[in-house]
Amino acid sequence: MVVSPRTQVNDSVPRPVVTLRGVWKSFGAVAALRDARLDLFGGEAHALVGENGAGKSTLIKILAGVHRPDAGVLELDGRPVEFHSPSEARAAGLAVIYQEPALFPDLTVAENLFVGRQPRGRFGRIDEAAMNGEARELFRRLAVEIDPARPARGMSIADQQIVEIAKAISLDARVLIMDEPTAALSGVEVERLFVVARALRDEGTAVLFISHRFSEVEALCQRVTVMRDGAHVSTDLLADVSIDQIVRRMVGRELDALFVKQEVEPGEVVLEVEGLSRAGVYQDVSFQVRGGEIVALAGLVGAGRSEVAQGVFGVDSRDGGTVRVAGRVLPAGSPRAAMAAGVALVPEDRRQQGLVLDLSILRNTTLPRARGLSRFGFLTGGAERREAREWTRRLRTKYGDLGDPVGTLSGGNQQKVVLAKWLSTRPKVLIVDEPTRGIDIGTKAEVHRLMSELAAEGVAILMISSELPEVLGMADRVLVMREGRLVAELPRAEATEEAVIFAATGQEAAA
Ligand SMILES: Nc1ncnc2c1ncn2[C@@H]1O[C@H](COP(=O)(O)OP(=O)(O)OP(=O)(O)O)[C@@H](O)[C@H]1O
Ligand SMILES: [Mg+2]
């Protein structure tokens, strides 16, 4: 693929590869895009930032041919185009990498790369050797090691994304669009993705990147567009604006200061985990959490933290160990018993475990405590509604109507509903897995405040987080896991970035 870094109209003015102008899109009563605009240039990575529900994913879905705009212009190389389907967008050179790629699990990596266009040999048979060879060549170009002949099933999300990018390259994509691709990746995986994205950018590809993490935006992008409430706010070279300015434009108000956790005198031990084991996943994990305490479970992605949380809650069966809540042993493998004992789990994967996407925002928010709100066996609708409204207000959830299906909310707003759903159960033990993943910077402080308030009321909180500032800011104690084992316990005073990274990796942090 040979594309000059900037397609030139004449010698001075670079011409965008992609232009969106005056784009409007509504879903029922919700105006998702209101005069949105975007220019993408070859050889440049462009960040798209904005609060949850600002319209970023919707804009991308218009580029991807998933949604048709109600009004507006889409131009490729200065010529107006209309995409009626994702395949038309792909054929025009626009490749979209989503947060959770959708490879065919039963096909090999190479088959996924070339699905529908496999190289064929004599008698029309698929030439597997040629296919694997081409796949190997693509991975070599990206400087990644993935076996083309292995099945896609069981691959990490990071590797699956790389396969999607390799596919984009093999289709000669000129525009690479990534919607929060890093949300489910570890630090090392993010860096590897960026190496690949930078290489493509430097070969002339236009890159569009969405993330709620500014360190990533700064590491990859040259230009940044801010959106608010579906509208274009600003576009600048990243070198010309400060992060503070960008954030202020995103939220359209002064930002709450970073939340400072309340000091709480810890009470009795509420959650007691002893010798928890699951073959090949985690071994001999023991710890306690007192009422009023926030204990963080830190470690690399894949260290077994989420699995331990699920083991405690009873989602997965375990091979050994006991879990006690307020002194009473929980039966293994029964989330129902865990919930009855006052344990709540806010899962990492909200789509699979956190929400019933077809049910309304209202029902999802109040689902687990529907019994508490009922009188004489039926729901008191008014109370339910008031409660849901209060939570959506506190978490700044953007929605049209409480009766809308939760699946129509933006990614971050779905996460807020999951949080509301479990925070509102007034649990004894609250387990939160990546509580602020995908949540915009304007709401993070509010989530932290809510957690701190619950701790002050005596709730024992176990928090899994990959974001060190969140771990260090919120935790009274930090437990660090590595390869399925608890390897360190650091009281708040000793929990520094270096100490946590050292325990999580077994290596000194790079200066
Ligand atoms: N299919 C749909 N049906 C109804 N409403 C929708 C649909 N898709 C998006 N919306 C609404 O459009 C608005 C913009 O959503 P979008 O997903 O574009 O936000 P976003 O900027 O990507 O947010 P996030 O950072 O949370 O991912 C939201 O209010 C959302 O509820
Ligand atoms: Mg989104």
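Structure data summary
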quantity: Within the chain, longest stretch free of exposed GluC sites (Glu not before Pro) [DSSP loop, at most 16 other beta carbons within 10 Å]; calculated: 269-456
quantity: Measure of compaction for region 439-511 (Cα Rg per 2.2 N^0.38 Å); calculated: 1.19
quantity: Residues in region 456-479 reached by a label modelled at R324 [backbone nitrogen below 20 Å; 7 Å Cα→Cβ]; calculated: 459-462
quantity: Taking region 442-506 and dividing mean pair separation by its residue count, relative contact order in percent (alpha carbons under 8 Å, at least six apart); calculated: 23 percent
quantity: With Cα atoms, 0 to 90° folded angle of helix 381-394 axis to the chain main axis; calculated: 60 degrees
quantity: Hz values of 3J(HN,Hα) by residue in region 402-408 - Karplus curve (6.51, -1.76, 1.60), Gly and Pro given as x; calculated: 4, x, 5, x, 5, x, 8
quantity: Cross-link pairs K61/K444; K61/K421; K398/K428; K398/K421; K56/K167 - those with Cα-Cα distance over 21 Å; calculated: K61/K444; K61/K421; K398/K428; K56/K167
quantity: Helix axis angle, 157-170 relative to the chain longest principal axis, alpha carbon, degrees; calculated: 10 degrees
quantity: Amide hydrogen neighbours beyond the local backbone of A298, cut-off 5 Å, H modeled; calculated: L479, V480, M481
quantity: Cα-Cα P(r), the chain, percent of pairs per 10 Å interval; calculated: 4, 17, 27, 26, 18, 7, 1, 0
quantity: Folded to 0 to 90 degrees: helix 128-141 orientation relative to the chain principal axis, Cα; calculated: 80 degrees
quantity: Relative contact order %, the chain, counting alpha carbon pairs below 8 Å whose residues are six or more apart; calculated: 16 percent
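Readers should treat all values here as calculations from the given coordinates under stated rules, not as data from a laboratory. Given the structure is predicted, the values throughout are model-derived calculations rather than measurements. All Cβ positions, glycine included, derive from the backbone under ideal geometry; neighbour counts span all protein chains shown.
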